[in-house]
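The structure appears right after this line, and notes come after that.
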Amino acid sequence: MSAEVAGTIARVRAWREDHRLAGRRVGFVPTMGALHEGHARLIETARRNGDQVIVSVFVNPLQFDRKDDLERYPRTFEADLRLCSALGVQLVFAPSVGEMYPAEPMCTVSVKRITERLCGQFRPGHFDGVATVVTKLFDIVQPDVAYFGEKDAQQLAVIRRMVRDLDMPVEIVGVSTVREPDGLALSSRNARLSADERSKSTALYRALRDAERAIAAGERDARAVERRAAAVIPPDASLRLEYLEVVDPVELQRVDTIAGTVLVAGALWVGSTRLIDNITCDPSRKAASEP
Ligand code: PAF
């Protein structure tokens, strides 16, 4: 059965109210479209949990710090709808920019501290845009539970904290990253890579795995881990490491000595495409097997 497409907030509210009256749990997967296996895993997790599933497809202008990135963001709505329908999604909320932002917002949501490092240093305003649109979407959909990919670890941490601080009545579920067989984390942005760039794009994952191995082997100096992992990125004119940092997994603050579980996260430019990835390392555990 084809998923219903809703373009208006009013339709989503009516759909939500029907499920409330019927006592059904609603699971929400917010996306910007260009859906891939990573999104499919979020939807499947929601379906397995027995939720009525709503997916939003909205390329949120507020979270783009660069105009060209917003313009180049892949848009594949027909394919997205087919995937949602095949996976048993009930409603696809695909609002226009005017429906979401009839006027320039004067009220935005900003999460401090967690947004200071990693991507936050390089994408001014990005996480305010994410927190603002997710707040609006939660208010419109009023889900019981919402699903987010662990690939966007900083986004997930921001949303968890926002929900906690603002007492939002929604459970947040993080879903593990889906990877290509060579380790590249699935991302809508991968579609922009040329064949040559695609072959170089695994450098970030290899660097993260190097960090994981170093920690598993007993390295406790976070700067040393960062240095040796960064050295895994080959000198290549089309590759530029934006950051690779060892941080605590909750507030994402830099750690000096690795004493407990840490998040190792990085961003790598491959040509004009920016890729992010991360790996969680528990120093008491051995590194996972290749890749
Ligand atoms: O992860 C994304 O696709 C977006 O940041 C989100 C959560 C849908 C907000 O626009």
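Odds and ends about this structure:
- When the range 73-97 is limited to residues that are away from the ligand (no atom under 15 Å from the Cβ) and in a helix (DSSP H, G or I), the one that is nearest to R24 (Cα to Cα) turns out to be S85.
- Scanning the range 246-265 for any residue that is open to solvent by less than 60 Å² (accessible area, probe 1.4 Å) and in contact with a Phe, Trp or Tyr (Cβ under 6 Å, 6 or more places away or on another chain) turns up nothing.
- Total residues in the range 107-138 satisfying the condition of being in a loop (DSSP other than H, G, I, E, B), away from the ligand (no atom under 14 Å from the Cβ) and closer than 21 Å to R274 by Cβ: the figure is 5.
- The range 193-211: number of residues that are under 21 Å from the mean Cα position of the chain (by Cα) and of a type in the set (D, E, K, R): 3
- Residues of the range 171-205 satisfying the condition of being open to solvent by 20 Å² or more (accessible area, probe 1.4 Å) and either touching a Cys at 6+ places or on another chain (Cβ under 9 Å) or β-branched (V, I, T) (or both): I172, V173, T177, V178
- Residue list for the range 51-74, restricted to those being within 18 Å of I172 (Cβ to Cβ) and of a type in the set (D, E): D51
- Per-region count, the range 53-72, residues in a loop (DSSP other than H, G, I, E, B) and more than 12 Å from the ligand (Cβ to nearest atom): 2
- Positions within the range 90-118 being open to solvent by 10 Å² or more (accessible area, probe 1.4 Å) and touching a strand residue (DSSP E or B) at 6+ places or on another chain (Cβ under 9 Å), in sequence order: Q90, A94, P95, R117
- Residue within the range 150-159 that is under 19 Å from T280 (Cα atoms), within 10 Å of the ligand (Cβ to nearest atom), not in a helix (DSSP H, G or I) and not β-branched (V, I, T) present: yes
- Between F28, F58, the distinction of being under 28 Å from H126 (Cβ atoms), in contact with a Gly (Cβ under 8 Å, 6 or more places away or on another chain) and hydrophobic (A, V, I, L, M, F, W, C) belongs to F58 only.
- Within the range 29-55, considering residues that are aliphatic (A, V, I, L, M) and more than 13 Å from L186 (Cα to Cα), the one most open to solvent (accessible area, probe 1.4 Å): M32
- Residue count for the range 229-275 satisfying the condition of being in contact (Cβ under 8 Å) with a residue 60 or more places away in the chain, closer than 21 Å to K112 by Cα and under 18 Å from the mean Cα position of the chain (by Cα): 11.
- The range 12-27: number of residues that are of a type in the set (A, V, I, L, M) and not in a helix (DSSP H, G or I): 2
- Residue satisfying condition, being surrounded by 14 or more Cβ atoms within 10 Å (Cβ to Cβ), of a type outside the set (K, R) and assigned to a helix (DSSP H, G or I), within set V225, V232: V225
The values are calculated or read from the model by the stated rules, or taken from the named source; none is laboratory data. Given the structure is predicted, the values throughout are model-derived calculations rather than measurements. Backbone-built Cβ (ideal geometry, glycine too); neighbour counts: all protein chains shown. Only protein heavy atoms, including side chains, enter the accessible area calculation; ligands, DNA and RNA are left aside. Shrake-Rupley method; radii C 1.70, N 1.55, O 1.52, S 1.80 Å.
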